[in-house]
Amino acid sequence: MDDDFKRKLDNAFGEGDMELVAEMLGWDEDEDDYEEEFDSTIASYDNHTRGGSSLKMECPHCGERGEFKVQKTLKSFYHWSPEKVAYFEDIAGRDISFRKRIKKCTFCGETFQTIEMANEFLIAMMKDIQTKESLISKLSDENMKLKNIINDSLKVLNQIGSNS
Ligand SMILES: [Zn+2]
């Protein structure tokens with residue numbers, strides 16, 4: 001493997017770009033073992049790059065913590081949707097790219113999905129939520145002021161009505 005090829009392959013793995021990895025390694029996408037092959041390769045890649053320890057996380061079903069094994073990497077989830085490209089370009093400067101996986105809890109045996117993505121997307125989404133929260137609170141303040149104005153106006157109209 002020459003350096004340039006290795007660097008490109010590393011990038012493809014890092015991005016979770018299964019199509020590119022398959023193309024570079026000459027895998028046939030139509031083969032049944034295609035996804036399995038990708039999972040085992042990416043698992044060893046992750047182990048290699050993280051020094052052998054995988055992510056310790058809490059099972060959303062039973063709450064136990066552990067290094068749960070990946071059962072499957074879902075290959076069709078690298079982008080949210082065509083409609084949301086503009087949204088992510090707006091908040092994070094580029095379209096989101098993430099890796100969705102199914103993990104199995106070793107304590108309760110239930111499976112759950114995890115997402116791996118660049119931190120910048122989470123930060124951008126949290127900032128966007130904050131902006132929208134403060135907009136909502138501003139709008140509800142204005143709404144309250146308008147309601148008060150309407151109520152005051154109705155009181156005046158009622159007084160006028162009862163005086164005539
Ligand atoms: Zn569990």
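We did not get these values from a lab; they are worked out from the coordinates using the rules stated. Quantities reported herein were computed from a predicted structural model and do not represent experimental measurements. No Cβ is skipped: glycine too gets one built from the backbone with ideal geometry, and neighbour counts run over all protein chains shown.
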Take each of the peptides 55-61, 137-143, average the number of other beta-carbon atoms within 10 Å over its residues, and list them starting from the highest.
55-61, 137-143
Estimated inter-spin distance, Lys84 and Phe5, nm [label 7 Å along Cα→Cβ]
3.7 nm
Spatially proximal lysines relative to Lys155 (Cα-Cα < 27 Å; intrachain offsets below 8 disregarded):
Lys138, Lys145, Lys147
Eligible lysines near Lys75 by straight Cα distance, threshold 22 Å, same-chain separation 8 or greater:
Lys6, Lys8, Lys84, Lys100, Lys103, Lys104
Using 0.36 nm times the number of residues separating Glu133 and His61, minus their current alpha carbon distance, what extension gain do you get?
23.0 nm
Please compute the length gained on full extension between Glu23 and Lys72, using 0.36 nm multiplied by the number of residues separating them and subtracting their Cα-Cα distance.
15.7 nm
Would you mind getting the Kirkwood hydrodynamic radius of region 54-117 from its Cα pairs, rounded to one decimal in Å?
13.1 Å
